[in-house]
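Just below is one structure, and these are the notes that go with it.
The values are calculated or read from the model by the stated rules, or taken from the named source; none is laboratory data. All values derive from a computational prediction rather than experimental measurement. Here the Cβ positions follow ideal geometry from the backbone for every residue, glycine too, while neighbour counts run over all protein chains shown.
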Amino acid sequence: MSINLDQAQQTFIVEARELLQVMEQSLLQLENEPGDEDAIGAVFRAAHTIKGSAGLFGLAPIVGFTHIVEDVLDRLREGSVTVDAALIALLLKCGDHMLELIEAVDHHDGALQPATLERGEVLREALSAYQPLQAAPAGGEIAVTDDAPQAELLWHISLRFGVDVFRNGMDPLSFLRYLDTLGQVLQVTTLTDSIPPVDAWDPESCYLGFEIDLRSNASHTTLNEVFDFVRDDCEVQICAVDEPSDSGPATGTELVTQAAPASPTQAAQQRVATGSDAKPRDGAYVRVNADKLDELINLVGELVIASAGASLLARSCNNDPLQEATSTVSGLVEEILDGALHLRMIPIGDTFNRFRRVVRDVSQELGKDIDLIINGAETELDKTVVEKIGDPLMHLLRNAMDHGIENADARRAAGKSAKGHLSLNAYHDSGSIVIEIADDGAGLNRERILEKAQERGLVASGAQLSDQEIYNLIFEAGFSTAEAVTNLSGRGVGMDVVKRNITLLRGTVDLDSRPGQGTVVRIRLPLTLAIINGFLVGIDQSTYVIPLDMVQECIELDERQRQSSRDQGYLDLRGEVLPLVDLREHFSHEGPAARRQNVVVVRYAEHKAGLVVDDLLGEFQTVIKPLGKLFGALRGISGSTILGSGAVALILDVPALLNQIVQQEARTPQVPPQASVVVR
């Protein structure tokens, strides 16, 4: 009896990619600290797990290549090979090749391109330099370990699988096929004595056992490791039939006491993650398909809308028990919403750590010594945001290394250390996440940027622009100050694409630079793209939503304040000049203003302003619905939502509104504080 292993193989592919990430990060750690035994162990276990898992699925190219890598890593672990830059570089390339082999299984059914085969042969030859010689020189000795090559032996393997082996995603025949790659299977006897009567037989249960004769030069340890991934769901005994009796074999027998892992590689992967052979707590993690998680979030969003509608109807019925019941349901829906959103939140550290390899490779290519410093790796945000921010960050890092950080000679001449520093930092601020990419390079050349912008007609000759406005010109399409084209992006080349991708995530990007000291690029992103807490405001019969985390306070305007603020465009907020945006005028609402008006004070980053509205309608959980292409040109609107009444409310794009104020202030004389509106 056999099962379809396609789903289990997909799990192997996903976990193998994760293990290769562990392997790469550990190798980079080892490059900085050659004596780190934990890093050496992590690299070895990752390669060993991938080899064993690949063997279960008969993926011979992966098994064959990874076995050679594992041999070198084993010698590294025992001290026969020492860590040096050449070995680290080779092992990193081996990891890349292993990923290439795994991707071939995922996308091309294991078919390998000629270039892939050629790379594999080159790497095998390079690895051979770190493997032991087959014969020792005269007078020399070769240390023999349990895994060293040995003469062929006849092994007998007694194997009993547990009843749940099929349910746990295993195929007993895959283990037999893997044994055949380690030697010659001479005989297999299938044991059927555990099959129950027909009326008690379960087709999803396994009742089979096997007695196997195998001729192989593999060691007892190697044969025992074949069953690592089903260790908790089988009984296995291995003995050498024709081994001398005075050195009898180690016989391994393990009995199931707990359920096996949910996938062929989960147990081994957990051992790599914990760095020990101790069993992890069962059920600690569950792998969930991302599409199912997105579907859950969508359903919870619809539940929020339906709950709001039910609460609205309950209030109109004037029925106290009904209102209390709907209030309880609303509270539970809010908790479900928070829990569902937290399921999508993942730390950004995994994305940051992937750039360690990029910085290492690019800095070596450029002949520069650059150190990457990571802070805020534990900061969490929506998985969709994490997935889509990777490419913009990659481009910004490459720019900083290629055109921001100087070479060693130039840095010494400027009185700096020869080593350049590049930092990634993430933190929460005002309900958003801020990602900073900072370098200690030469900074941006203000005059050259302005000159190039004038040449391209982006800035009128003689125009007075602030430093910030000039620096932000590099985000214009095709803008570049690079003198020569390299295979790395020049600072500014493709920066319009970076800004566009960040804008699609409802984020903003700006930068600050100091000549000779470096540049900081600051990306501000929403924590989630699905649901936000909003603050409802009304103008005439229309309703708008302001993201609640940007709201600081609300102020009611009297008639005198209304007239003064209309004349000045500012409000004196306890001695602070607060620019105002009249949403009635901004969105061209017809008719006179309401008798009572209010100001909602909002803040985003370092900018602050007041939004003038008619009515304050309170908090509201907002399910974000994207606007169609027809409304793409709307200024100050980022999306829409559906209220409990069924009406549509537009979500305000507060960053865009504040940016509009900043641009207006840059082009008009500033109002000094003493000339601002005074509240009497």
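When residues of the stretch 403-442 are filtered for being acidic (Asp, Glu), buried (at least 21 other Cβ atoms within 10 Å of the Cβ) and not in a strand (DSSP E or B), how many remain?
The number of residues fulfilling the criteria is 1.
Could you count how many residues in the stretch 597-614 are surrounded by fewer than 22 Cβ atoms within 10 Å (Cβ to Cβ) and in contact with a Gly (Cβ under 6 Å, 6 or more places away or on another chain)?
Of the residues in that region, 2 qualify.
So, in the stretch 441-466, of the ones that are among the small types (Gly, Ala, Ser) and touching a residue at least 12 places away in the same chain (Cβ under 8 Å), which residue ends up nearest to Ser513 (Cα to Cα)?
Per the criteria, the residue is Gly443.
Would you mind finding the one in Ile50, Ile68, Ile62 that is assigned to a helix (DSSP H, G or I) and surrounded by fewer than 21 Cβ atoms within 10 Å (Cβ to Cβ)?
Of the residues listed, the single one that is assigned to a helix (DSSP H, G or I) and surrounded by fewer than 21 Cβ atoms within 10 Å (Cβ to Cβ) is Ile68.
I need a count of the residues in the stretch 153-173 that are among the small types (Gly, Ala, Ser) and at negative phi.
Qualifying residue count for the region: 2.
Table: residues versus (1) over 23 Å from Gly431 (Cα atoms); (2) acidic (Asp, Glu); (3) in the same structural domain as Gly610 (by TED's automatic domain parsing).
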{"site": "Arg500", "(1), (2), (3)": "no, no, no"}
{"site": "Arg514", "(1), (2), (3)": "yes, no, no"}
{"site": "Leu548", "(1), (2), (3)": "no, no, yes"}
{"site": "Gln563", "(1), (2), (3)": "yes, no, yes"}
{"site": "Val577", "(1), (2), (3)": "yes, no, yes"}
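Keeping to the stretch 599-637, report how many residues are closer than 25 Å to Val509 by Cα, assigned to a strand (DSSP E or B) and without any contact (Cβ under 8 Å) to a residue 60 or more places away in the chain.
8
State which residue pairs qualify: first residue of a type in the set (S, T, N, Q) and inside the stretch 28-41, second residue surrounded by 15 or more Cβ atoms within 10 Å (Cβ to Cβ) in any location, beta carbons under 7 Å apart, and separation of 6 or more residues or different chains.
The qualifying pairs are Gln29/Asp36; Gln29/Ala39.
Restricted to the stretch 66-115, and to residues that are hydroxyl-bearing (Ser, Thr, Tyr) and free of Cβ contacts under 8 Å to residues at least 60 places away in the same chain, which residue is farthest from Ala16 (Cα to Cα)?
Here the answer is Thr82.
Which one of Gly415, Gly404 is free of Cβ contacts under 8 Å to residues at least 40 places away in the same chain, more than 21 Å from Glu378 (Cα to Cα) and out of contact with any helix residue (DSSP H, G or I) (no Cβ under 9 Å at 6 or more places or on another chain)?
Answer to the selection: Gly415.
Which of the residues belonging to the stretch 56-67 are of a type in the set (A, V, I, L, M) and at pLDDT 90 or above?
If the condition is that a residue be of a type in the set (A, V, I, L, M) and at pLDDT 90 or above, then Ile62 is the only one that fits.
Taking the conditions exactly as written (over 28 Å from Gly404 (Cα atoms), of a type in the set (D, E, K, R) and not in a helix (DSSP H, G or I)), does Arg315 satisfy them or not?
no
Do we find a residue being part of a helix (DSSP H, G or I) and touching a His at 6+ places or on another chain (Cβ under 6 Å) anywhere in the stretch 568-586?
No, every residue in the stretch 568-586 fails to be part of a helix (DSSP H, G or I) and touching a His at 6+ places or on another chain (Cβ under 6 Å).
Could you say whether any residue in the stretch 373-390 is in contact with a Leu (Cβ under 7 Å, 6 or more places away or on another chain), in a helix (DSSP H, G or I) and either more than 24 Å from Lys292 (Cα to Cα) or without any contact (Cβ under 8 Å) to a residue 40 or more places away in the chain (or both)?
no
When you scan the stretch 13-24, do you find a residue that is more than 30 Å from Gly209 (Cβ to Cβ), of a type in the set (S, T, N, Q) and surrounded by fewer than 22 Cβ atoms within 10 Å (Cβ to Cβ), even just one?
Yes, the stretch 13-24 contains a residue that is more than 30 Å from Gly209 (Cβ to Cβ), of a type in the set (S, T, N, Q) and surrounded by fewer than 22 Cβ atoms within 10 Å (Cβ to Cβ).
Inside the stretch 363-389, can you point out the residues that are under 13 Å from the mean Cα position of the chain (by Cα) and either within 21 Å of Gly443 (Cβ to Cβ) or buried (at least 16 other Cβ atoms within 10 Å of the Cβ) (or both)?
Thr379, Glu380, Leu381, Asp382, Lys383, Thr384, Val385, Val386, Lys388, Ile389
Kindly indicate which of Asp109, Asp36 is more than 26 Å from Leu179 (Cβ to Cβ) and either surrounded by fewer than 17 Cβ atoms within 10 Å (Cβ to Cβ) or assigned by TED's automatic domain parsing to the domain that holds Thr222 (or both).
Selected residue: Asp36, the only one of Asp109, Asp36 that is more than 26 Å from Leu179 (Cβ to Cβ) and either surrounded by fewer than 17 Cβ atoms within 10 Å (Cβ to Cβ) or assigned by TED's automatic domain parsing to the domain that holds Thr222 (or both).
Out of the residues in the stretch 2-31 that are in a helix (DSSP H, G or I), of a type in the set (S, T, N, Q) and at pLDDT below 90, state the one that is farthest from Met98 (Cα to Cα).
Once the filter is applied, the top-ranked residue is Gln7.
Evaluate the stretch 521-541: report whether one residue or more is buried (at least 20 other Cβ atoms within 10 Å of the Cβ) and closer than 30 Å to Gly415 by Cβ.
Yes, because at least one residue in the stretch 521-541 is buried (at least 20 other Cβ atoms within 10 Å of the Cβ) and closer than 30 Å to Gly415 by Cβ.
Please go through the stretch 431-454 and give me each residue that is under 29 Å from Pro526 (Cβ atoms) and of a type in the set (Gly, Ala, Ser), ordered by number.
Gly431, Ser432, Ala438
Scan the stretch 638-654 and give yes if some residue there is over 31 Å from the mean Cα position of the chain (by Cα) and under 20 Å from Glu559 (Cα atoms), otherwise no.
Looking for residues that are over 31 Å from the mean Cα position of the chain (by Cα) and under 20 Å from Glu559 (Cα atoms), one finds none in the stretch 638-654, hence no.
Could you list, in sequence order, the residues of the stretch 22-42 that are of a type in the set (Asp, Glu) and under 18 Å from Asp350 (Cβ atoms)?
Glu24
Based on this model, can you work out whether Asn407 counts as at pLDDT 90 or above, within 30 Å of Asp549 (Cβ to Cβ) and not acidic (Asp, Glu)?
no
Need pairs with beta-carbon distance below 8 Å; first residue outside the structural domain of Val648 (by TED's automatic domain parsing) and touching a residue at least 24 places away in the same chain (Cβ under 8 Å) and within the stretch 293-309, second surrounded by fewer than 19 Cβ atoms within 10 Å (Cβ to Cβ) and among the aromatic types (Phe, Trp, Tyr); sequence gap 6+ or separate chains.
Once the first residue is outside the structural domain of Val648 (by TED's automatic domain parsing) and touching a residue at least 24 places away in the same chain (Cβ under 8 Å) and sits in the stretch 293-309, no partner that is surrounded by fewer than 19 Cβ atoms within 10 Å (Cβ to Cβ) and among the aromatic types (Phe, Trp, Tyr) comes close enough.
Let's see how each residue does on (1) closer than 23 Å to Leu536 by Cβ; (2) acidic (Asp, Glu); (3) modelled with pLDDT of 90 or more:
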{"site": "Leu255", "(1), (2), (3)": "no, no, no"}
{"site": "Thr265", "(1), (2), (3)": "no, no, no"}
{"site": "Pro280", "(1), (2), (3)": "no, no, no"}
{"site": "Lys292", "(1), (2), (3)": "no, no, no"}
{"site": "Glu295", "(1), (2), (3)": "no, yes, no"}
{"site": "Asn298", "(1), (2), (3)": "yes, no, no"}
{"site": "Arg315", "(1), (2), (3)": "yes, no, no"}
{"site": "Leu337", "(1), (2), (3)": "yes, no, no"}
{"site": "His342", "(1), (2), (3)": "no, no, no"}
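Residue by residue, here is whether (1) of a type in the set (Val, Ile, Thr); (2) surrounded by fewer than 16 Cβ atoms within 10 Å (Cβ to Cβ); (3) not in a helix (DSSP H, G or I) holds:
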| position | (1), (2), (3) |
| --- | --- |
| Leu322 | no, yes, no |
| Thr328 | yes, yes, no |
| Gly331 | no, yes, no |
| Glu335 | no, yes, no |
| Leu341 | no, no, no |
| Asp350 | no, yes, no |
| Phe355 | no, no, no |
| Val358 | yes, yes, no |
| Asp361 | no, yes, no |
